[in-house]
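Below is one structure, written out as structure tokens, with a few remarks after it.
The numbers here are math on the coordinates, done by the rules we state, and not lab data. Nothing here was measured: the structure is a model prediction, and the numbers come from that model. Note: ideal-geometry Cβ built from the backbone for every residue, glycine included; neighbour counts use all protein chains shown.
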């Protein structure tokens with residue numbers, strides 16, 4: 001797995017989280033390209049949340065089921081219940097984030113073609 005997305009377990013809150021560091025080098029480089037296409041796509045944690053809400057609704061709606069999020073300027077965290085199902089969702093979401101960042105053409109295409117449909121922060 002890459003250094004900008006990790007899975008953390010929070011036993012106390014009975015949650016598993018997908019923690020995405022949006023300021024890491026690769027996501028920041030991709031974010032600059034996204035913003036160059038659409039100035040509303042300033043990719044802080046809040047706008048990553050807006051993007052993922054849009055993207056997941058169309059491509060993996062099951063990942064939105066039971067999700068709780070915590071966005072900040074520098075991070076996006078998606079929480080699921082700490083269970084077998086929650087762990088599977090967290091792993092799938094982490095791989096999806098990595099796939100989008102590493103295969104940035106898909107991200108850029110979505111922003112170019114459908115950015116006006118995304119509820120940016």
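Quick notes
- Projected onto its three principal axes, the C-alpha set of the chain covers 41, 27, 23 Å, listed from the longest axis down.
- Extending 7 Å from the Cα toward the beta-carbon at both residue 98 and residue 36 defines two label points whose distance is 2.7 nm.
- The range 5-117: relative contact order as a whole-number percent, Cα under 8 Å and 6+ apart: 33 percent
- Nearest 10 degrees, 0 to 90: helix 84-102 Cα axis against the chain principal axis: 20 degrees
- The C-alpha atoms of the chain define a longest principal axis, and helix 104-114 lies at about 70 degrees to it.
- Using alpha-carbon coordinates, inclination of helix 45-59 to the longest axis of the chain, degrees: 80 degrees
- Pair residue 70, residue 121: separation of 7 Å Cα→Cβ label points (nm): 1.5 nm
- Note that the range 77-121 shows a convex hull volume over its alpha carbon atoms of 93 Å³ per residue.
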